[in-house]
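Colleague: This is the structure, below, for whatever I ask next.
Coordinate-derived values only; no laboratory data. Predicted model, so just to flag it, every value in this text is computed and none were measured. Glycine also receives a Cβ, built like all others from the backbone with ideal geometry; neighbour counts cover every protein chain displayed.
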Amino acid sequence: MIQLNNIEKYYENGAIKTFVLRQLNLEIQEGEFVSIMGPSGAGKSTLLHILGMLDTPSGGEYHFYDQPVHQLNERQTTELHRDHIGFVFQSYHLIDELTVAENLETPLLYQKVKSNERKGRIAEMLDRFNIVAKKGLFPNQLSGGQQQLIGIARALITNPKLILADEPTGNLNSAEGERIMTHFKHLNAEGVSIIQCTHSEKNAAYGSRIINLVDGWVDADERTSS
Ligand SMILES: Nc1ncnc2c1ncn2[C@@H]1O[C@H](COP(=O)(O)OP(=O)(O)O)[C@@H](O)[C@H]1O
Ligand SMILES: [Mg+2]
């Protein structure tokens, strides 16, 4: 599903290149549940954004199914992202001017889902994440944990076949966090591929493969028994 060949990412400041990802090679099969761990600044978010086509690498090749992402233009990558990927941002990225229900609706509008179907899916998500009472509120009227749940619900509402989640439970209490991980596990059992970044060993263990990223390198890549 995903193949990265010699992916690099650097930022240039004058003549100085600061590398965030170095010659990264990685293959991820459809149906995997991968946890990316590693210290702060290791490049986890950068890697996830590149996988989600929200950021472009400085070099290397990225194949997503049969698509050479590194050769596509922005319109094409936007379309690929929209049709296949649900992205949970570390910092939520909700739209402040829209209510909870309207935030959930945005990816469906991009996909041109019909009004009745949109209403049904929004209701289902509100119900699934226990946020029915919040549907008319704006993001700034919610706690960080509630905003994170909305961010997760928005990523799942299109039934994507790949979920990319950047510290999805970072602001949730442990019960909420466990519910999300259990939910991810169910989705994965139904065939949804998941790649999450996490600091938590316990959450990482929900995955079937743990990749340890250090200084932009894959330091370890192990299958777990779960
Ligand atoms: N726009 C940017 N300009 C310069 N450096 C950046 C930029 N974005 C990220 N970085 C650097 O890239 C490194 C990796 O960041 P990140 O991918 O967010 O790591 P992680 O998610 O593992 O904590 C950090 O050292 C960060 O300072
Ligand atoms: Mg990060």
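Colleague: In nm, to one decimal, how far is the modelled label at GLN71 from the one at MET1, with both set 7 Å along Cα→Cβ?
Modeller: 2.4 nm
Colleague: Pairs of Cα atoms under 8 Å, at least six residues apart: use those to get the relative contact order of the chain, whole percent.
Modeller: With pairs under 8 Å counted, the relative contact order is 30 percent.
Colleague: Can you tell me what the convex hull of the Cα atoms of the chain projects to on average, as an area in nm²?
Modeller: If you wrap the Cα atoms of the chain in a convex hull and average its projections, you get 12.9 nm².
Colleague: Right, something else. Given R₀ = 30 Å, FRET efficiency for LEU109-SER58 by Cβ-Cβ distance, to 0.05? Walk me through the intermediate numbers first.
Modeller: Values: r = 33 Å, r/R0 = 1.09.
Plugging the Cβ-Cβ distance into 1/(1 + (r/R0)^6) gives 0.35.
Colleague: Taking θ as phi - 60°, what are the ³J(HN,Hα) couplings along the range 53-58 by the Karplus curve (6.51, -1.76, 1.60), each to the nearest whole Hz, with x for Gly and Pro?
Modeller: Working through the residues one at a time gives 6, 9, 9, 10, x, 7 Hz.
Colleague: Determine, for each peptide in 92-100, 208-216, the mean count of other beta carbons within 10 angstrom over its residues, then list the peptides with the highest first.
Modeller: 208-216, 92-100
Colleague: Rounded to the nearest 5, what is the percent of antiparallel bridges among the DSSP beta bridges in the chain?
Modeller: 55 percent
Colleague: Then there's this: Can you work out the FRET efficiency for the pair ALA175 and ALA123, with r the C-beta to C-beta distance and R0 = 25 Å, to the nearest 0.05?
Modeller: For ALA175 and ALA123, the calculated efficiency is 0.60.
Colleague: Only bridges whose two residues both fall in the range 130-226 count here: according to DSSP, what percent of them are antiparallel, nearest 5?
Modeller: The antiparallel fraction comes to roughly 55 percent.
Colleague: I need the calculated FRET efficiency for the pair GLN29 and ALA220, taking r as the beta carbon distance and R₀ as 30 Å, to the nearest 0.05.
Modeller: Working: r = 18 Å, r/R0 = 0.61.
Here the calculated transfer efficiency is 0.95.
Colleague: Now a separate question. Taking the Cα atoms of the range 19-89, what is the range of coordinates along each of the three principal axes, in descending order and whole Å?
Modeller: Each principal axis gives a Cα extent; for the range 19-89 these are 33, 27, 22 Å.
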